[in-house]
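The values are calculated or read from the model by the stated rules, or taken from the named source; none is laboratory data. All of these numbers come straight from a predicted model, not from anything done at the bench. So basically every Cβ, Gly included, is an ideal-geometry build from the backbone, and we count neighbours across all protein chains shown.
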Amino acid sequence: MRLCDVDIAPYSTILLDRDGTINVQLLGDYVKCPEEFEFIPGAVDAIVAMNKAGKKVYIITNQRGVGKGLMTEQDLAAVHDYMLNSLRQAGGHIDGIYYSTAVDSSDPRRKPQTGMWQQLLREHPEVKHEQTLMIGDGDVDEAFAHNASINFAKIDSLWK
C-alpha cells in the first residue's frame with residue numbers, strides 16, 4: 001500500500017512517520033542534508049490531498065542520527081525546512097513536526113514510546129485518539145500507534 005492509497009476519510013488528524021513514509025529511506029544511513037532528501041513518489045500529492053480534505057497533518061519521527069552525532073539539530077532543521085518548502089510550493093503543509101533524537105530505545109520520546117504523542121496532545125488538546133490515524137512503514141510505527149491507542153495504517157516503504 002502507498003501513502004495515497006490510505007483511507008483517511010474517518011479521521012481528522014493524520015500522523016505520518018517520515019523516513020520510508022514521506023521520503024526515501026537510506027539503507028544503513030540517515031538523511032543528513034537536504035540534498036539527500038527525496039520524496040517517495042506520490043507522497044507530496046497525498047499530503048496535499050490530506051490538507052485539502054481539512055485534515056491536520058503531523059510528523060512523528062525518530063531521528064537517531066542526531067543523537068549519534070552523525071548530524072546536528074541544525075542539519076535536521078535544514079532537511080525539514082527543505083521538505084516544508086517543497087510541500088508549500090505544491091500547495092500543501094505540515095501542521096507540526098515532532099521528533100526524537102534519542103539513541104536509547106527506552107527513551108520516553110522515542111517511538112514506540114508515546115512521549116511525542118503526549119507532547120502533541122498537550123499542545124493541541126483538540127486532537128482526539130479516536131479521530132487520529134498513524135501512517136508508517138515500520139513495526140515501530142505500528143507499536144507506537146498501539147501504545148498511543150490510535151489507529152494505524154502500514155504502507156510499503158521505499159529504500160535506497
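Among SER149, SER100, SER157, SER105, which is under 13 Å from the mean Cα position of the chain (by Cα) and either at pLDDT below 95 or on the phi > 0 side of the Ramachandran plot (or both)? If you could, list the steps in order and put the result at the bottom.
Working: SER149 fails: under 13 Å from the mean Cα position of the chain (by Cα); SER100 fails: either at pLDDT below 95 or on the phi > 0 side of the Ramachandran plot (or both); SER105 fails: under 13 Å from the mean Cα position of the chain (by Cα).
The match here is SER157.
State which residue is surrounded by the most Cβ atoms within 10 Å (Cβ to Cβ) when the search covers only the range 72-108 and only residues that are of a type in the set (S, T, N, Q) and not in a loop (DSSP other than H, G, I, E, B). Can you show your working first?
Narrowing the range 72-108 to residues of a type in the set (S, T, N, Q): 72, 74, 85-86, 89, 100-101, 105-106.
Next, only the ones that are not in a loop (DSSP other than H, G, I, E, B) stay: 74, 85-86, 89, 100.
Details: GLN74: 9, ASN85: 11, SER86: 14, GLN89: 9, SER100: 20.
Here the residue is SER100.
Within the range 111-125, does at least one residue satisfy the condition of being among the polar types (S, T, N, Q) and surrounded by fewer than 17 Cβ atoms within 10 Å (Cβ to Cβ)? So that I can check it myself, show each step before the final result.
So the first thing to find is which residues in the range 111-125 are among the polar types (S, T, N, Q), and the list is 113-114, 118-119.
From the residues that got through so far, the ones that are surrounded by fewer than 17 Cβ atoms within 10 Å (Cβ to Cβ) too are 118-119.
The answer is yes, given that some residue of the range 111-125 is among the polar types (S, T, N, Q) and surrounded by fewer than 17 Cβ atoms within 10 Å (Cβ to Cβ).
Quick check on the range 9-28: of everything there that is modelled with pLDDT of 95 or more and more than 15 Å from the chain's Cα centre (by Cα), which residue is farthest from HIS93 (Cα to Cα)?
Here the residue is PRO10.
For the subset of the range 1-53 comprising residues that are in contact with a Gly (Cβ under 6 Å, 6 or more places away or on another chain) and assigned to a loop (DSSP other than H, G, I, E, B), which member is surrounded by the most Cβ atoms within 10 Å (Cβ to Cβ)?
THR21
Looking only at the range 121-146, count how many residues are within 13 Å of the chain's Cα centre (by Cα) and outside any loop (DSSP other than H, G, I, E, B).
Pass one, the range 121-146, residues within 13 Å of the chain's Cα centre (by Cα): 133-138, 140-142, 144-145.
Those still in the list that are outside any loop (DSSP other than H, G, I, E, B) too: 133-136, 140-142, 144-145.
Counting residues in the range 121-146 that are within 13 Å of the chain's Cα centre (by Cα) and outside any loop (DSSP other than H, G, I, E, B) gives 9.
Kindly provide the set of residues from the range 99-122 that are within 11 Å of ILE60 (Cβ to Cβ) and of a type in the set (Val, Ile, Thr), ordered by number.
THR114
Check TYR98 against each of (1) out of contact with any Lys or Arg (no Cβ under 6 Å at 6 or more places or on another chain); (2) without any contact (Cβ under 8 Å) to a residue 40 or more places away in the chain and name the one condition it does not meet.
In the conditions (1) out of contact with any Lys or Arg (no Cβ under 6 Å at 6 or more places or on another chain); (2) without any contact (Cβ under 8 Å) to a residue 40 or more places away in the chain, TYR98 misses (2) alone.
Could you check the range 56-78 and list, in sequence order, the residues that are more than 29 Å from HIS129 (Cα to Cα) and either hydrophobic (A, V, I, L, M, F, W, C) or touching a Cys at 6+ places or on another chain (Cβ under 9 Å) (or both)?
Within the range 56-78, VAL66, LEU70, MET71, ASP75, ALA78 qualify.
Could you identify the single residue in PRO112, PRO108 that is within 21 Å of GLN25 (Cα to Cα) and either touching a Leu at 6+ places or on another chain (Cβ under 8 Å) or not charged (D, E, K, R) (or both)?
Details: PRO108 fails: within 21 Å of GLN25 (Cα to Cα).
On inspection, the qualifying residue turns out to be PRO112.
Condition first: over 22 Å from GLY28 (Cα atoms) and in contact with a Phe, Trp or Tyr (Cβ under 9 Å, 6 or more places away or on another chain). Can you find one or more residues in the range 59-80 that meet it?
Here is the first cut: in the range 59-80, the ones over 22 Å from GLY28 (Cα atoms) are none.
There is no residue in the range 59-80 that is over 22 Å from GLY28 (Cα atoms) and in contact with a Phe, Trp or Tyr (Cβ under 9 Å, 6 or more places away or on another chain).
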